[in-house]
Amino acid sequence: QVQLVESGGDLVQPGGSLRLSCAASGMIFTINVMGWYRQAPGKERELVATITRGGSTSYADSVTGRFTISRDTAKNTVYLQMNSLKPEDTAVYYCNARDFWHRDSWGQGTPVTVSA
């Protein structure tokens, strides 16, 4: 079992930046892919970015060029650097870990609000 704890969500003005963190603990050696998802009010949860065990990254079209996913393996932490934030980026952001058997673990979520 993997435990995930997110942090870093905040209120930010349009055009601003935030960095989210996700600290993993437990059976981290079973993790194959980690990612960030988000869920805006009244909408379904959507994939934002992923990073594989090998370090390959992928992004949703809506955040490509603005968001960067990275990791610090020594700290068992994954980050999401978000730049040029827009009001439509407002959502609760969730960290996800998928193991080699395709089982998902989720964090509790951290809210991001982009508003003037």
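The values are calculated or read from the model by the stated rules, or taken from the named source; none is laboratory data. Here the structure is a predicted model, which is why all the values come from computation and not from measurement. Cβ: placed from backbone, ideal geometry, glycine included. Neighbour counts: every protein chain shown. Surface areas here come from the heavy atoms of the whole protein model, side chains and all, with no ligands, DNA or RNA. Shrake-Rupley method; radii C 1.70, N 1.55, O 1.52, S 1.80 Å.
Quick look at the values:
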item: Cβ-Cβ FRET estimate between Ala60 and Arg103, R0 fixed at 22 Å, reported to 0.05; result: 0.45
item: Accessible area per residue in Å² at 1.4 Å probe, computed on the chain; result: 54 Å²
item: Overall form of region 7-59 per C-alpha gyration tensor (a/c, 1.5; a/b vs b/c); result: prolate
item: Net length gained if the chain between Gln39 and Asn76 were fully extended (0.36 nm per residue, minus Cα distance); result: 10.9 nm
item: Whole-percent pair-distance distribution, where bins are 5 Å wide, for the alpha carbons of the chain; result: 2, 13, 24, 26, 19, 10, 5, 1, 0
item: Computed FRET value (nearest 0.05) for Gln3 with Arg53, which takes r as the C-beta separation and R₀ as 22 Å; result: 0.75
item: Potential extension, Asn83-Ala23 segment - 0.36 nm per residue separation minus Cα distance; result: 19.5 nm
item: By average C-beta atoms within 10 angstrom, highest first, the peptides 28-34, 52-58; result: 28-34, 52-58
item: ³J(HN,Hα) computed for each position of region 25-32 - Karplus, 6.51 cos²θ - 1.76 cosθ + 1.60, integer Hz, glycine/proline x; result: 8, x, 7, 5, 5, 8, 6, 9
